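The values are calculated or read from the model by the stated rules, or taken from the named source; none is laboratory data. In this text, all values refer to a predicted model and were calculated from it rather than measured experimentally. When we count neighbours, we look across all protein chains shown, and the Cβ atoms used for this are built from the backbone with ideal geometry, even at glycine.
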Amino acid sequence: MSHRSYLSEKLAKTESINRKGYTEKLYPYFADDELKKAVNLALFLNRPLLLMGEPGCGKSLLAKAIAYEWYEKEMYDRNKYFEWNVKSTSKAREGLYDYDHLLRLRDAYDKSSQLEDNNRYLRYGPMSEAMVNSTKEAKAVLLIDEIDKADIDFSNDLLLELERNSFYIPETNKTVTHDQDAKPFIIITSNGEKDLSDAFLRRCVFHYIDIFSSNKIDSKETRDWLKNIVKARFYDEQEVNSELLDKAINTFVSLRKEMNRETNTFRKVINTSEFLDWYTILKACLEQQTSNQLLDQEYDRIHGWLQKQEDEKPHIGVPFGNVLFKTTASLFNFKSIS
């Protein structure tokens, strides 16, 4: 029996799920055809999926969307989703296990301690937990997030573990082995800040998220994709404000096209994450639901921006540019937009 595929169908609206004692919100996720194909290729080949793309394009969110597609609100209760957030100081071993040497040393001086029980000193990490909780028919999902933050040795030290679905613990002289056909489904993200070794890349299926590239940004598919996300996230049980939605998307597309032409100038381009934050505040201010007197006073300015025609003068500045833009070049260059 083969594992189910990923079709990007289940997480079509905001969902609240229980995560070990607290409520977590999962926002809608719509993978395009190329991304869905990449996921299913990695699944078929039983290999990790290495995702690259600009910061804010939704790389990290894919892993949760896959886990929800397969297990819905039981993804945490069934131990089917795990995260490993990589830092600059991270070592590969941390995702597999940690051995408490200090406790072991203290027990060595305590004659009543049972030194034979080495499991007392072991704490398993997210990668080994994903291995334990994965089966051929019901794979666990593991996110290894921003692997490029660590040095190149980090990825190289995981080569055998990714290949064999097992790892060695020298402190106990024990090899923890799992069925290779029951590997967890691993999503690895990278922002491209550091190169990964050829040996590591060879073991992955690779996909680059480029939905806002120059040849795609003004396409009907991209505009429809943005509309679907906004409608699912903000208007689940509410009538869509088509005027605001169309204006926001047109403005975003126009800004992003300019940034694509001048990447060296703007460096950090606007992406899905910034767009959704920006739409959040636009919608709240128009509906005067910010519970903030100062922000609610922006209603007239936003209304004027909505009514402005493309060929009108003088220019009306992009409202709440501080939310949309992340560099001084973009913030000051796009104070107004024609």
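Worth a mention:
- Candidates Ser155, Ser197, Ser214, Ser190, filtered to the one that is polar (S, T, N, Q) and not assigned by TED's automatic domain parsing to the domain that holds Gly53: Ser214
- Helices (runs of 4 or more DSSP H) wholly inside the stretch 144-242 containing at least 3 residues that are buried (at least 16 other Cβ atoms within 10 Å of the Cβ): 220-234
- Condition met for Asp277 (over 24 Å from the mean Cα position of the chain (by Cα) and surrounded by fewer than 16 Cβ atoms within 10 Å (Cβ to Cβ)): no
- Taking the criterion of being hydroxyl-bearing (Ser, Thr, Tyr), closer than 25 Å to Lys80 by Cβ and out of contact with any strand residue (DSSP E or B) (no Cβ under 7 Å at 6 or more places or on another chain), the only residue of the stretch 142-180 that qualifies is Ser155.
- For the stretch 4-28, the set of residues classified as among the charged types (D, E, K, R) and either farther than 15 Å from Glu74 by Cβ or in a strand (DSSP E or B) (or both) consists of Glu9, Lys13, Glu15, Arg19, Glu24, Lys25, listed by residue number.
- Subset of the stretch 5-21 (residues that are surrounded by fewer than 13 Cβ atoms within 10 Å (Cβ to Cβ) and in contact (Cβ under 8 Å) with a residue 60 or more places away in the chain): Leu7, Glu9
- All told, Glu312 falls short of being buried (at least 19 other Cβ atoms within 10 Å of the Cβ), at pLDDT below 85, on the phi < 0 side of the Ramachandran plot and not assigned by TED's automatic domain parsing to the domain that holds Met52.
- Among residues of the stretch 180-204 that are hydroxyl-bearing (Ser, Thr, Tyr), those with a beta-carbon under 7 Å from a residue that is modelled with pLDDT under 95 at least six positions away or on a different chain give the pairs Ser190/Leu196; Ser197/Ile152; Ser197/Ser155; Ser197/Asn156.
- Check on Thr222, more than 21 Å from the chain's Cα centre (by Cα) and among the polar types (S, T, N, Q): no
- Test: Leu226 is under 26 Å from Lys25 (Cβ atoms), touching a helix residue (DSSP H, G or I) at 6+ places or on another chain (Cβ under 7 Å) and either β-branched (Val, Ile, Thr) or in contact (Cβ under 8 Å) with a residue 40 or more places away in the chain (or both): yes
- Filter result (at pLDDT 95 or above and on the phi > 0 side of the Ramachandran plot) within the stretch 1-51: Ser8, Asn46
- Subset of the stretch 248-261 that is of a type in the set (D, E, K, R) and over 22 Å from Tyr27 (Cβ atoms) - its residue that is surrounded by the most Cβ atoms within 10 Å (Cβ to Cβ): Glu258
- Within the stretch 57-70, tally of residues that are farther than 17 Å from Asp32 by Cβ and either touching a residue at least 60 places away in the same chain (Cβ under 8 Å) or touching a Pro at 6+ places or on another chain (Cβ under 9 Å) (or both): 3
- Matching residues, the stretch 253-297, being of a type in the set (Val, Ile, Thr), touching a residue at least 60 places away in the same chain (Cβ under 8 Å) and part of a loop (DSSP other than H, G, I, E, B): Val269, Ile270
- Subset of the stretch 29-56 [hydrophobic (A, V, I, L, M, F, W, C), crowded, with 21+ Cβ neighbours inside 10 Å and not in a helix (DSSP H, G or I)]: Ala31, Leu49, Leu50, Leu51
- Applying the set (1) surrounded by fewer than 16 Cβ atoms within 10 Å (Cβ to Cβ); (2) under 18 Å from Asn333 (Cα atoms); (3) within 22 Å of the chain's Cα centre (by Cα) to Asn264 leaves exactly one unmet item: (3).
- Leading residue by the ranking (modelled with the lowest pLDDT) among those in the stretch 254-309 that are closer than 29 Å to Leu62 by Cα and touching a Pro at 6+ places or on another chain (Cβ under 9 Å): Lys268
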